[in-house]
Amino acid sequence: MSKTFLYLGDKLEIYTYFTLSLKHVSIMNEELSKSAVKKLNGLDKNCKEFIAVLLGQIGRNYKIDKEDNPVNMDIMMTDIINFYLKTQKYVGCRVLILECCDNLKLKNLYNKFNFHFLQKNDDPEKDLIQMYQIID
């Protein structure tokens, strides 16, 4: 189950959007430190799985020129984190995770917003990585 959030203009045109859902994550990265695993799980440094909030479907309406779109990635990520902080006490998850293509441009973009590499996605057909942010 997921929830999609829209940024709408005065004429109800969609500027940007993002989706949040819960995701069960299996830790497959054997190189991940025990302290990092404990931070992800919250309790156990030997755990092999945890529940996270998946940030997905981040996008913008390409029919609207970038210069005419008042919502940029900085605004969206700030809003996403603030929304997550407000709901965290009800949801209970401490980890925000996303999946993106394994390329330097996207890694650098999400690093800018304090996301860290977790592991490659377990589907060999897709060239995706998982990145995470712990929100306290």
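The values are calculated or read from the model by the stated rules, or taken from the named source; none is laboratory data. These figures come from a predicted structure and were not determined experimentally. Glycine also receives a Cβ, built like all others from the backbone with ideal geometry; neighbour counts cover every protein chain displayed.
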Residues of the stretch 64-74 being loosely packed, with under 14 Cβ neighbours inside 10 Å and either closer than 14 Å to Y17 by Cα or touching a strand residue (DSSP E or B) at 6+ places or on another chain (Cβ under 6 Å) (or both), in sequence order, are P70, N72, D74
Looking only at the stretch 25-32, decide whether some residue is under 18 Å from I129 (Cβ atoms), of a type outside the set (D, E, K, R) and either part of a helix (DSSP H, G or I) or touching a Phe, Trp or Tyr at 6+ places or on another chain (Cβ under 6 Å) (or both).
yes
For the stretch 19-50, enumerate the residues that are among the β-branched types (V, I, T) and surrounded by fewer than 16 Cβ atoms within 10 Å (Cβ to Cβ).
T19
Under 8 Å between Cβ atoms, which residue pairs at least 6 apart in sequence (or on different chains) link something in the stretch 17-34 that is within 30 Å of Y7 (Cβ to Cβ) and in contact (Cβ under 8 Å) with a residue 12 or more places away in the chain with a partner that is loosely packed, with under 14 Cβ neighbours inside 10 Å and of a type in the set (D, E)?
H24/E49; V25/E49
So Y84 fits all but one of (1) among the hydroxyl-bearing types (S, T, Y); (2) touching a strand residue (DSSP E or B) at 6+ places or on another chain (Cβ under 7 Å); (3) more than 18 Å from H116 (Cα to Cα); what number is the exception?
(3)
Inside the stretch 63-122, can you point out the residues that are among the acidic types (D, E), more than 24 Å from Y7 (Cβ to Cβ) and either modelled with pLDDT of 90 or more or part of a strand (DSSP E or B) (or both)?
D102
Take Q133 and decide whether it is assigned to a strand (DSSP E or B), within 19 Å of N29 (Cα to Cα), among the polar types (S, T, N, Q) and more than 13 Å from the chain's Cα centre (by Cα).
no
